[in-house]
1. Applying the selection to the stretch 41-79, what residues are under 23 Å from GLU127 (Cβ atoms) and of a type in the set (S, T, N, Q)?
2. Hey, can you tell me all the residues within the stretch 56-85 that are loosely packed, with under 10 Cβ neighbours inside 10 Å and part of a helix (DSSP H, G or I)?
3. Considering the stretch 1-17 alone, what residues qualify as being in a helix (DSSP H, G or I), surrounded by 10 or more Cβ atoms within 10 Å (Cβ to Cβ) and not hydrophobic (A, V, I, L, M, F, W, C)?
4. On the given criteria, is ASN72 farther than 30 Å from ALA129 by Cβ and not aromatic (Phe, Trp, Tyr)?
5. In the set ARG74, ARG48, ARG40, ARG33, which member is touching a helix residue (DSSP H, G or I) at 6+ places or on another chain (Cβ under 9 Å), of a type in the set (Lys, Arg) and not assigned by TED's automatic domain parsing to the domain that holds HIS118?
6. Could you please let me know if ALA151 is assigned to a helix (DSSP H, G or I), surrounded by 11 or more Cβ atoms within 10 Å (Cβ to Cβ) and modelled with pLDDT under 85?
7. Among the residues of the stretch 24-40, is any within 27 Å of the chain's Cα centre (by Cα), in a helix (DSSP H, G or I) and acidic (Asp, Glu)?
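The values are calculated or read from the model by the stated rules, or taken from the named source; none is laboratory data. As the structure is a prediction and not an experimental result, all values here were calculated from the model. When we count neighbours, we look across all protein chains shown, and the Cβ atoms used for this are built from the backbone with ideal geometry, even at glycine.
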Amino acid sequence: MNSTIHQILVHPFTWGLILGLIFAALAAYRIIRLKGEIKRYKRHLSDRLEIEADSVQKKGADLERLKKENENLRVKVASLNDFPDRRLERDLEIYARAEKRMVVGVPGFAGPWETAKHDALLEIQAEEAGQSLPKRVFARLFPTAREEKPALSDAPTPQS
């Protein structure tokens, strides 16, 4: 019996069978581990897609809200500009900006004055369309004209 077991263990078929079973067991273990990893990756992917879908939906809702708010503000600005007083203030602002450009930039008057006045008008229109930061808001928040009035009254007059 001892010699029969020895002959079976020494036979090349037995060695091949043992090696084949070892490799098959390793392959089966690897396959089971990879299937578990694939399931984990699928769960991770579905979770991530849900999170990204939620964030995209929130961003879309915020974008729509901001678009509506922007349009409401644009309509409000347009309606405020329909008042006659606001129209006069707007024209005065255009002339003031044009005069500043003329005084600083050009000693001549006719052509440059019209160019500066047109540039100021375009600037005001861009502000009203919401394309640039309105300077009038800052002028109202930080009034410098009121602070300058007492300084002008204290200054000596050219006649004296």
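1. ASN70, ASN72, SER79
2. PRO84, ASP85
3. HIS6, GLN7, THR14, GLY16
4. no
5. None of the others qualify; the one that does is ARG74.
6. So ALA151 does not fit the description; no.
7. No, the stretch 24-40 contains no residue that is within 27 Å of the chain's Cα centre (by Cα), in a helix (DSSP H, G or I) and acidic (Asp, Glu).
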